[in-house]
Amino acid sequence: MRWWDIEPVLALERALFPEDAWSRGMFWSELAHARGAGANRRYVVAEGEGGRLAGYAGFAASGGLGDVQTIAVDRGHWGTGLGGRLLGDLLGWATRFECTEVLLEVRVDNHRAQRLYERFGFAPIGFRRGYYQPGNVDALVMRLTMAPAPPAGGPGAPAAPGSQGSLHG
């Protein structure tokens, strides 16, 4: 994700998460930590036909612990596997950042996302009461214990992007 992606990302963010959308400043702050020698964030966008925004995702790492900050897929791309591609890209970065665990929060009423995370091996470990504001919706906290990194290009290395558009940082 680059600065010029922020406006379309904000539009999708507001469409999908009207009650608790991230602000422009939150995205700018995250991107400030995604470049340079000390980068500990990775934000990607997915483009569909005609270069239109199809989704985005973000990840933060610190001290061996990773956190899926956000994943969003335009409703027109639901069921295409794009959410899995975005999550797979983030987990590839978790390996690069040498994370041993990855955490995430997901709304307790977002069963679609919970199933995606479970398919990738995330397991529930607790709740954060009233986490999503202003709706006062609880978050389910999920954790994935990372396997040791495979040799570069070996089995288990992140897969190349498929035909469902392109991902770029």
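Between Leu10 and Thr145, what FRET efficiency comes out of the Förster formula 1/(1 + (r/R0)^6) with R0 = 45 Å and r the beta carbon distance, rounded to 0.05?
0.85
Only sites in a loop by DSSP and with at most 10 other Cβ atoms within 10 Å count here; which GluC sites (Glu not before Pro) in the stretch 90-135 make the cut?
Of the GluC sites (Glu not before Pro), not one in the loops of the stretch 90-135 has a Cβ with at most 10 other Cβ atoms within 10 Å.
Taking only protein heavy atoms into account and a 1.4 Å probe, give the accessible area per residue of the chain in Å².
Heavy-atom accessible area per residue stands at 54 Å².
Starting from the residue with the highest accessible area, list His33, His77, His111 in decreasing order, probe 1.4 Å.
I get His111, His33, His77, largest accessible area first.
Over 24 Å, how big is the tail of the calculated P(r) for the chain, in percent of all Cα pairs?
Of all Cα-Cα distances in the chain, 34 percent exceed 24 Å.
Roughly how many whole Å is it from the C-alpha centroid of the stretch 32-89 to that of the stretch 100-115?
The stretch 32-89 and the stretch 100-115 have Cα centres spaced 15 Å from each other.
With a 10 Å radius around each residue's Cβ, average the other Cβ atoms per peptide and rank 56-67, 132-143, highest first.
Values: 56-67: 19.7, 132-143: 15.3.
Descending packing order for the listed peptides: 56-67, 132-143.
At 1.4 Å probe size, with the rest of the protein present, what percent of the exposed accessible area of the chain is carbon and sulfur atoms?
Solvent-exposed carbon and sulfur of the chain make up 53 percent of the total.
How big is the accessible area of Val73 in square angstrom, nearest 10, if you roll a 1.4 angstrom probe over the protein chains?
Approximately 20 Å² of Val73 is accessible to the 1.4 Å probe.
The values are calculated or read from the model by the stated rules, or taken from the named source; none is laboratory data. This structure is a prediction, so every number in the text was calculated from the model and none was measured. Don't worry about glycine lacking a Cβ; one is built from the backbone with ideal geometry, like all the others, and counts go over all protein chains shown. Keep in mind that these areas ignore ligands, DNA and RNA; they rest on the heavy atoms of the full protein, side chains included. Shrake-Rupley method; radii C 1.70, N 1.55, O 1.52, S 1.80 Å.
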